[in-house]
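One structure is given here, and the rest of the page talks about it.
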Amino acid sequence: MPQFQLRLFDEDREFNVTRQGDRLHLTSGDFSADVRVLYQDAGEMLIEFTRPDGMRQRLRLAGARHGDKRQLWVDGRILTGERVRRRAGGKVELGSLVSSIPAVVSQILVRPGDAVSAGDKLILLESMKMVIPIQAPYDGRVGKILCAAGESVPAGVPLVEIEPL
């Protein structure tokens, strides 16, 4: 599942990004690249791409964001985009609840079959020393629990399904 989606040139592009230390691996459709961060300071970066054919390219970039709007300056060229947020009804089934950021499941407060009211806490997540509650958006009954306590969950993955009453 893509971790990031941008609208570029009136077209939605999905990017999967994994990071390990100063190295990033980007994939988008047929495009794949390994990126090494050579220098980073106050919003500016010098990165080096290594493509599958072994070719390397260094780029200077800086960026700005305002809400979901993105602007990136790459070696003097400007690229603008808009982050596309996943909505219910896409790849995630309607009635499923997801984490908005990568987190660890701290507690599961409900069981399948439990009746819940709008606003009830269903699951507690931990991320960056914060506790994030997953709450029922409407009255319903818990259908399935799709995670376990202690499990690391990426953003956008269903955690619990609620069946409307």
Worksheet item: Are there trypsin sites (Lys or Arg not before Pro) in segment 97-165 that DSSP marks as loop and that have at most 10 other Cβ atoms within 10 Å, and which are they?
Response: Lys129
Discussion item. Can you tell me the mean projection area, over all orientations, of the convex hull of segment 96-164's alpha carbons? Units nm², please.
Written reply: 3.8 nm²
Discussion item. Could you give the length gained by full extension between Val37 and Met130, i.e. 0.36 nm per residue of separation minus their alpha carbon distance, to one decimal place?
Written reply: 30.7 nm
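We did not get these values from a lab; they are worked out from the coordinates using the rules stated. Quick caveat: nothing in here was measured; it's all calculated off a predicted structure. Reconstructed Cβ throughout: ideal geometry from the backbone, glycine too, with neighbour counts over all protein chains shown.
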